[in-house]
Amino acid sequence: HSDSLMKGKSVLELGSGQGVVGLSCALAGAGAVTVTDVGPALPLLESNIALNGLGSIVSASELDWFTPEKHLASIPPAEVIVAADTVWVEDLVVPFVNTL
């Protein structure tokens, strides 16, 4: 990997789950990372951020792809958008793409 890909960038992770991708972006030098998922996933995301000592770089925000308009205003703009293993059922494809 190249540190220059993330160095100082603002990153948004969609469908973060446990936050592995977003946390990795922070460790790769991102300046600010917002990890997102549905509300019930936020406690685990926040726990993993704290466990990895990345609270000064990474924040967790709710973003439900079926109602993104409820959440997008509170999510900061990002230079880089990342997602991994997010569309695991066909019904998520259109909401995911519309959220982008």
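General observations
- I57, I81, I75, ranked by accessible area, largest first (probe 1.4 Å): I81, I57, I75
- Contact order relative to length of the chain, as percent, for alpha carbon pairs under 8 angstrom and 6 or more apart: 31
- Heavy-atom surface of the chain, accessible at 1.4 Å and reported per residue (Å²): 57
- The chain - percent of accessible surface contributed by carbon and sulfur, probe 1.4 Å: 58
- Net charge dipole size for the chain [Lys, Arg +1 and Asp, Glu -1 on Cβ; Debye, nearest 20]: 340
- Cα-based helix-to-principal-axis angle, 42-51 vs the chain, degrees rounded to 10: 10
- Spacing of the modelled spin labels on L42 and I75, each 7 Å from Cα toward Cβ, amounts to 1.4 nm.
The values are calculated or read from the model by the stated rules, or taken from the named source; none is laboratory data. Predicted model, so just to flag it, every value in this text is computed and none were measured. Backbone-built Cβ (ideal geometry, glycine too); neighbour counts: all protein chains shown. Protein only, heavy atoms only, side chains kept; ligands, DNA and RNA dropped before computing areas. Shrake-Rupley method; radii C 1.70, N 1.55, O 1.52, S 1.80 Å.
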